[in-house]
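After the structure tokens below, expect a handful of questions from me.
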Amino acid sequence: MPHPAVAAGTAASPVLAEVVRSGFVEGRHRGSLVLLAADGSVELALGDVTRPVFPRSANKPMQAAAVLRAGVALDGERLALAAASHSGEAFHRDLVRTMLREHGLSPEQLRCPPALPLDQEEQEAYLAAGGRRDRVAMNCSGKHTAMLAAATLRKWPLESYLEPDHPLQRLIRTVVEEAAGEPVAAVGTDGCGAPLMALGLTGLARAFRGFVLAGPGTPERRVADAMRAHPEYVAGTRRHDTLLMREIPGALSKVGAEAVQALALPDGRALAIKVEDGAARALGPVLARALELLGVTAPVVERLGRVPLLGGGREVGEVRPAF
């Protein structure tokens with residue numbers, strides 16, 4: 001049985017993207033999307049943007065802010081990595097190991113599962129060099145290292161740091177609810193094993209808006225500033241969050257698994273997207289169109305919006321926004 005909060009809405013979500021091959025629409029991706037104006041009001045809502053979704057890794061900025069509230073001294077690249085879904089590139093792995101040493105921890109204490117680098121090019125190079133599945137290479141290892149550092153500092157149990165009733169996870173829930181301005185609707189388990197807290201898309205967009213508008217020196221603003229200053233540590237050298245934060249001044253961007261995206265601009269405009277079937281190929285065109293509607297013009301927006309379909313090695317179609 002689905003959780004009641006998830007099952008509450010029964011109306012079909014609108015089509016956000018179409019798959020067009022040789023002029024024929026062969027598929028559609030449904031979902032929900034919310035755009036917030038600079039004053040925080042809802043400028044556009046497609047689908048039920050109050051129905052809870054699992055933001056997946058789009059919750060990571062809030063988890064990192066909770067680590068700061070616990071008293072852990074993180075900044076710069078280290079803080080960006082605490083909020084990361086990193087690609088597993090060598091500089092990511094090196095910094096995770098450094099952070100573990102700095103806090104008197106070892107890779108064996110990480111409870112994220114062993115994995116290969118998330119980035120395909122990096123994964124091929126890693127395997128060619130004899131690499132094997134490893135907890136440090138897992139894309140959430142920076143977050144887990146930060147969580148362990150918080151538990152160590154506060155003398156909370158280390159072995160149970162991922163349990164929903166652990167003091168750190170209770171603190172994270174408080175930060176998530178304060179940032180989103182709504183209660184957590186459900187708690188699940190993320191792919192990395194950490195508790196996963198469900199929010200409506202409006203709440204998720206509101207949280208990102210709050211991070212960019214927070215006062216200097218607050219945990220929320222420190223996380224936003226670190227992510228924007230070091231986007232390659234949040235994602236990787238070839239990932240779209242990195243490109244967005246490099247090329248759109250002041251943007252705070254974080255993708256989540258199953259086609260979730262949240263983004264805020266420095267003046268308070270913000271968005272959150274969930275493609276219902278989890279299709280990542282739809283996210284670029286939908287995000288590009290949403291940014292256009294927010295008035296954002298930048299070469300990266302056009303690049304993200306281009307998802308060609310091939311036939312016989314040549315372009316014969318595209319995934320395009322439907323709104």
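The values are calculated or read from the model by the stated rules, or taken from the named source; none is laboratory data. All values reported here derive from a predicted model rather than from experimental measurement. FYI the Cβ positions are ideal-geometry reconstructions off the backbone, even for glycines, and counts take in every protein chain you see. Heads up: the accessible areas ignore ligands, DNA and RNA and are worked out on the full protein's heavy atoms, side chains in. Shrake-Rupley method; radii C 1.70, N 1.55, O 1.52, S 1.80 Å.
Here is a list of conditions, (1) touching a residue at least 40 places away in the same chain (Cβ under 8 Å); (2) open to solvent by 20 Å² or more (accessible area, probe 1.4 Å); (3) of a type in the set (Lys, Arg), and ARG101 meets all of them except one; can you say which number that is?
Unmet for ARG101, out of (1) touching a residue at least 40 places away in the same chain (Cβ under 8 Å); (2) open to solvent by 20 Å² or more (accessible area, probe 1.4 Å); (3) of a type in the set (Lys, Arg): (1).
Taking only the stretch 157-182 into account, find how many residues are open to solvent by 20 Å² or more (accessible area, probe 1.4 Å) and either under 19 Å from PHE211 (Cβ atoms) or among the aromatic types (Phe, Trp, Tyr) (or both).
8
What is the residue count in the stretch 104-134 for residues that are crowded, with 22+ Cβ neighbours inside 10 Å and farther than 21 Å from VAL67 by Cβ?
Total satisfying the criteria: 2.
For the stretch 216-323, which fully contained strands (runs of 3 or more DSSP E) count at least 2 residues that are touching a Ser or Thr at 6+ places or on another chain (Cβ under 8 Å) and of a type in the set (A, V, I, L, M)?
The qualifying strands (runs of 3 or more DSSP E) are 260-264, 270-275.
Please pick out the residue among GLY47, GLY71 that is over 27 Å from GLY305 (Cβ atoms) and either more than 17 Å from the chain's Cα centre (by Cα) or not aliphatic (A, V, I, L, M) (or both).
GLY71
Can you tell which of LEU287, LEU271, LEU294 is over 30 Å from VAL67 (Cα atoms) and either out of contact with any Cys (no Cβ under 8 Å at 6 or more places or on another chain) or open to solvent by less than 40 Å² (accessible area, probe 1.4 Å) (or both)?
LEU294
Right, something else. Of the numbered conditions (1) open to solvent by 40 Å² or more (accessible area, probe 1.4 Å); (2) free of Cβ contacts under 8 Å to residues at least 60 places away in the same chain, ARG222 satisfies every one except a single condition; which is it?
(2)
Name the single residue that is nearest to GLY256 (Cα to Cα) among those in the stretch 76-98 being among the hydroxyl-bearing types (Ser, Thr, Tyr) and surrounded by 15 or more Cβ atoms within 10 Å (Cβ to Cβ).
SER85
Yes/no matrix, rows are residues, columns are (1) in contact (Cβ under 8 Å) with a residue 60 or more places away in the chain; (2) assigned to a loop (DSSP other than H, G, I, E, B); (3) touching a strand residue (DSSP E or B) at 6+ places or on another chain (Cβ under 9 Å); (4) not small (Gly, Ala, Ser):
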position	(1), (2), (3), (4)
ALA17	yes, no, yes, no
HIS29	yes, no, yes, yes
VAL34	yes, no, yes, yes
ARG51	yes, yes, yes, yes
ALA58	yes, no, yes, no
PRO61	yes, no, yes, yes
ALA65	yes, no, no, no
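So, in the stretch 24-75, how many residues would count as being open to solvent by 20 Å² or more (accessible area, probe 1.4 Å) and either hydroxyl-bearing (Ser, Thr, Tyr) or under 30 Å from PHE91 (Cα atoms) (or both)?
8
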